[in-house]
Amino acid sequence: MSEDASAQRLVTQGSMVRRLVLTALGWALVLLVLGAMSLTALFRQTVLSDLEDRLSGVADALIAHVEVSDSLSLRLDEDLIDPRFSQTFSGRYWQVSLDAAADVEPLRSQSLADALLMAPDKARAEALDNPGRPVSAMSKGPDGEPLRLVIRAILVNDVETPLLVIAAEDQRPANARIMRFGLASAGLFLLFTVALGVGVFVQVRVGLAPVLRMGRAVADVRDGRSERVSGVYPAELIALGGELNKLLDHSQEVVERARTHVGNLAHALKTPLTVLSNEARDQDGALARQVDRQTRLMSEQVEHHLRRARAAAHARTIGARAPVERTLDDLGRTLQKIYGRQGINLDWRCEGRIVFRGEKQDLEELLGNLIDNACKWAASQVSIIASLRDGQLYLCVEDDGPGLTPEQSQAVLARGVRLDEQAPGTGLGLAIVVDLARAYDGALEIERSELGGLKACLWLPALLES
């Protein structure tokens, strides 16, 4: 199966590491934000409670020291100790008045100057309905500042009108404290988030390390560096590794079975064809010659298709690999001896330690057919270069022979087509190369060579040997 076909079955949904990290960070961020908001709200409640307790203490002191005369005039028998009640618009105020007695001047702190504390109607009514219980409220101060009020209604003996005591304080300092705490907690939780993110990333990477290691082990099997998936893995991955090894064993068994069937078929077909060919050679006449030609052609076709079947089985063998440089050296020396007597000089080189991802005998047949074809047509020079391009083996065989036109280049790839019937061979060489290359998801390209003859370029799966 080609990589394109595999990609059609496997759909990427993003990195597992990124998904796990983002999920953990998203949940942690929600919890941290909620925690920061909860702590800030709790701190705010504490600060405001302290403020109200302080104001309640002022109200209690006022109640303890206020006196109401027979003429309903109000006075304090002792001033409050806090000096801010004597500073104009200091932010701390108090006021004592007789409710519903507009003709009686309220008693108030010097910090109010000529201003009055105005209690909200709802809070005032609540205080009058519940004498003695403090009621909290918000109002504006004489300088426009937000005030926190504590209001208490007191019933005085021999006085029908309730006594309304109000203690107030500027809430802006308390709000500033709450704001500083909120910013500090936000910064602290942001640091927690960053630290947690780093920890989650490291944890995910460490947790997925065995999965990535198994992926590399499978790649080693595919590239031929190893025969089986092996190594030390967590218990959760041991079963997966075992199943992968069973799949490899099954694949190898299927390939071996296919090779056995191909061999059996070869023997079954070759024997009767050989008998027919021998009988035809012993006879005279046109019929005998025709039978001899057809049996030889049938043998060649059978051999071609059996070779193609073997190549298809080999191409699907996981882990098959062959060194290109060694194979090229062996073929080059052998063919140089054969064609050197005819004045043909072979020049070959391999750029790098390239490994063909397939069976060695298939690489030998691919190279052998191309080089042999080039030597048959070359005038004096054949050049072979093997290199790695775009992650594939690039084999280029050139000669200085007559070459081919574009139309002839297309036609010569067809099985059994020969442009010169005087040259030896059956015309199957390039067709065999094409079929073998396709079995490995490769391709053969034919073009004009700079040497003047034919340039055959072969693309095959490969990798660099580490």
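The values are calculated or read from the model by the stated rules, or taken from the named source; none is laboratory data. Every value quoted in this text rests on a predicted model; they were computed, and no experiment measured them. Counting neighbours? That spans all protein chains shown, and the Cβs are built from the backbone with ideal geometry, glycine included. Areas reflect the complete protein model, heavy atoms only, side chains present, ligands, DNA and RNA absent. Shrake-Rupley method; radii C 1.70, N 1.55, O 1.52, S 1.80 Å.
Can you show me the helix-derived [θ] at 222 nm for the chain, built from DSSP H runs with n ≥ 4 at -39,500 (n - 2.57) apiece and divided by the number of residues, rounded to the nearest 500.
When only DSSP H runs of four or more count, the value is -19000 deg cm²/dmol.
Report the Cα centroid-to-centroid distance between segment 336-360 and segment 187-212 in angstrom, as an integer.
What the calculation gives is 54 Å, centre to centre.
Given a Förster radius of 45 Å and the C-beta distance between Glu450 and Thr193 as r, what FRET efficiency does 1/(1 + (r/R0)^6) yield to the nearest 0.05?
Efficiency, from the Cβ-Cβ distance: 0.10.
In terms of the Cα gyration tensor, with a ≥ b ≥ c the square roots of its eigenvalues, is segment 58-119 rounded because a/c is under 1.5, prolate because a/b exceeds b/c, or oblate?
It comes out oblate by the Cα gyration axes.
At a Cα cut-off below 30 Å, give the lysines reachable from Lys360, other chains included and same-chain residues fewer than 8 away excluded.
Lys246, Lys270, Lys337, Lys376, Lys455
Starting from the Cα gyration tensor of segment 114-171, take the square roots of the eigenvalues, sort them a ≥ b ≥ c, and report rounded, prolate or oblate (rounded when a/c is under 1.5, otherwise prolate if a/b is larger than b/c, else oblate).
Here segment 114-171 falls in the prolate category.
Ignoring ligands, DNA and RNA, what percent of the accessible area of the chain is carbon or sulfur (1.4 Å)?
Carbon with sulfur: 55 percent of the solvent-accessible area.
Given a 1.4 angstrom probe, what's the average accessible area per residue across segment 18-70, in square angstrom?
61
Using a 1.4 angstrom probe, figure out how much accessible area segment 136-213 has per residue, in square angstrom, rounded to the nearest whole.
The answer is 56 Å² per residue.
Projected onto the charge dipole of the chain (+1 at Lys/Arg Cβ, -1 at Asp/Glu Cβ, origin at the Cα centre), which of Gln381, Leu240, Leu208 gives the Cα projection farthest towards the positive end?
Farthest towards the positive end: Gln381.
Only helices at least 20 Å long along their own axis, judged from Cα atoms, and with Kyte-Doolittle mean hydropathy of -1.0 or greater: name those in the chain from DSSP H.
Those that pass (Cα extent of 20 Å or more, hydropathy at least -1.0) are 16-65, 172-223, 235-281, 286-315, 324-340, 360-377.
Ala137: net charge of surrounding residues, Cβ under 11 Å, Lys/Arg +1, Asp/Glu -1, itself excluded?
Cβ neighbours under 11 Å give a net charge of 0.
Please express the shape of the chain as an equivalent ellipsoid: the semi-axes are the square roots of 5 times the eigenvalues of the C-alpha gyration tensor, given largest first in whole angstrom.
In descending order, the three semi-axes are 106, 23, 18 Å.
Please report, in debye to the nearest 20, how large the charge dipole of the chain is about its Cα centre when each Lys and Arg carries +1 at its beta carbon and each Asp and Glu carries -1 there.
2380
Computed from the mean reciprocal separation of all distinct C-alpha pairs, what Kirkwood hydrodynamic radius does segment 96-247 have, in Å?
Evaluated on segment 96-247, it is 22.5 Å.
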